[in-house]
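The values are calculated or read from the model by the stated rules, or taken from the named source; none is laboratory data. Predicted model, so just to flag it, every value in this text is computed and none were measured. Please note: Cβ atoms are built from the backbone with ideal geometry, for glycine as well, and neighbour counts cover all protein chains shown. Keep in mind that these areas ignore ligands, DNA and RNA; they rest on the heavy atoms of the full protein, side chains included. Shrake-Rupley method; radii C 1.70, N 1.55, O 1.52, S 1.80 Å.
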Amino acid sequence: MVKGRINNVLVFLLGLLVLHCGLAQAATYVVGGPNGWTYGVETWPNQKIFKTDDDLLFYYSPSEHNVAIVSKKEYEGCKASEIAKVYHTGKDRIKLKKGPNYFISSIKGQCRSGLKLLVHAK
């Protein structure tokens with residue numbers, strides 16, 4: 001009976017350790033570096049390796065920009081759909097999903113002027 005409890009406790013603690021290690025590996029990136037979410041940010045991901053569950057921090061003036069998570073088609077067409085998740089706090093934290101992650105400003109003309117971002121997460 002005691003041996004069974006000890007095994008349960010060990011399994012529980014091992015699970016916590018695995019969970020902790022998985023969480024500890026996630027990184028946080030400020031999109032655009034010191035310039036933040038602004039025009040010309042498309043090249044910012046170059047030479048960076050992103051992983052699933054990494055966080056992107058989008059810093060910008062909410063009176064000037066926003067951030068929309070979009071599909072590939074929306075990204076290429078620079079037009080967010082009505083169901084796109086749009087952020088507009090100026091301090092947005094977005095967790096990366098595995099594969100390509102597409103972001104644009106959904107304010108008219110901004111995406112076509114270079115306010116868009118594609119980030120691949122492993």
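Odds and ends about this structure:
- Positions within segment 111-122 being open to solvent by 100 Å² or more (accessible area, probe 1.4 Å) and either in contact (Cβ under 8 Å) with a residue 40 or more places away in the chain or of a type in the set (Gly, Ala, Ser) (or both), in sequence order: HIS120, LYS122
- Candidate set from segment 34-50 (those that are out of contact with any helix residue (DSSP H, G or I) (no Cβ under 9 Å at 6 or more places or on another chain) and in a helix (DSSP H, G or I)); member that is surrounded by the fewest Cβ atoms within 10 Å (Cβ to Cβ): PRO34
- Residue check, LYS108 open to solvent by 20 Å² or more (accessible area, probe 1.4 Å), farther than 22 Å from ALA26 by Cα and basic (Lys, Arg): yes
- Test: residue in segment 99-116 that is at pLDDT below 95 and either more than 14 Å from the chain's Cα centre (by Cα) or among the aliphatic types (A, V, I, L, M) (or both): no
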